[in-house]
């Protein structure tokens, strides 16, 4: 269950830490547990607290670093318009300041774009492996790219979304939140939907629009074949954001990738099947950080 409480901004692990970025923005992050490092990078309009359901499970074996990206959670947007490349540069500052190398990084949704940008801009030397959670290397669909957003969103549809979020962010957030989960999740767990919606309402509409524009402009397809580090691609079979074929494309295109599907999840398996998702991440990260060049294939599906 998502553990979001307004009187506990740090989530489950005590005092929220902060790091001064080069432009003066204070990045908030949590640092839980001990051992090999897992870096958890959240999605658009979310925060590090969205990982609360898996932090307690992962910190038993790992040191888990959970930042709030710029313009999310407890980290302000800072000067200028936030974009994917800036968020990637911020993560490099975080890793370098904490003197972290050999981390396994998990990117959920937009978080995967941020990590792909980090690798493109700074190389993969700081990372031992990557977990991608339900994301496409290009989110907008074209005549020759049908593996963007499952809704079929194209450039015109993206502009309509931008207009809607700028004109009435609360209404847009209320419509968006249901698409994070499998279709029946709202009826089965309305409290979860409401807690997530409260978080989304705290986001600044213009900052979210700027980041959406940046996401929509990204195309990481040409970069994928050169990303040779071990990758675990995860997805929800009931995702309303991206079709399972999108994640299977990543498994086929990345040179050292394996896949794991979660049959009862939508766009956020770490929220809908947290125990099973944490188990898959633990297994993959343990193999990678033990120096296994080609981790044992864990491709399959968790259904319970």
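Okay, here's what the table says:
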quantity: The range 104-153: C-alpha gyration tensor shape, a/c 1.5 cut-off, then a/b vs b/c; calculated: prolate
quantity: FRET efficiency, residue 223 to residue 263 (Cβ-Cβ, R0 25 Å, nearest 0.05); calculated: 0.25
quantity: The range 17-302: relative contact order as a whole-number percent, Cα under 8 Å and 6+ apart; calculated: 19 percent
quantity: Gaussian network model of the chain, Cα within-10 Å springs - most flexible of 223, 171, 88; calculated: 171
quantity: Rg to Rh quotient for the range 116-226, alpha carbon positions, Kirkwood Rh; calculated: 1.00
quantity: Gaussian network model of the chain, springs between alpha carbon atoms under 10 Å - residue of 136, 47, 228 with greatest fluctuation; calculated: 228
quantity: For the chain, built as a Gaussian network whose Cα springs stay under 10 Å, the top-fluctuating residue of 180, 65, 100; calculated: 100
quantity: Cα shape, the range 17-302, gyration tensor, a/c 1.5 rule; calculated: rounded
quantity: Mean-position separation - Cα centroids, the range 85-155 and the range 199-263, in angstrom; calculated: 7 Å
quantity: Using a Förster distance of 30 Å, the FRET efficiency for residue 97-residue 253 (Cβ separation, nearest 0.05); calculated: 0.40
quantity: Computed [θ] at 222 nm, helices only, for the chain once each DSSP H run of length n ≥ 4 contributes -39500 (n - 2.57); calculated: -11000 deg cm²/dmol
quantity: Cα-based shape type of the range 201-270, given that a ≥ b ≥ c are square roots of the gyration tensor eigenvalues and the cut on a/c is 1.5; calculated: oblate
quantity: Burial ordering of 122, 42, fewest other beta-carbon atoms within 10 Å first; calculated: 122, 42
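Just so you know, all these numbers are worked out from the coordinates, no wet-lab data involved. If you're wondering where the values come from, they're calculated on a predicted model, not measured in any experiment. Because the Cβ atoms are built from the backbone with ideal geometry, glycine has one as well, and the counts that use them run over all protein chains shown.
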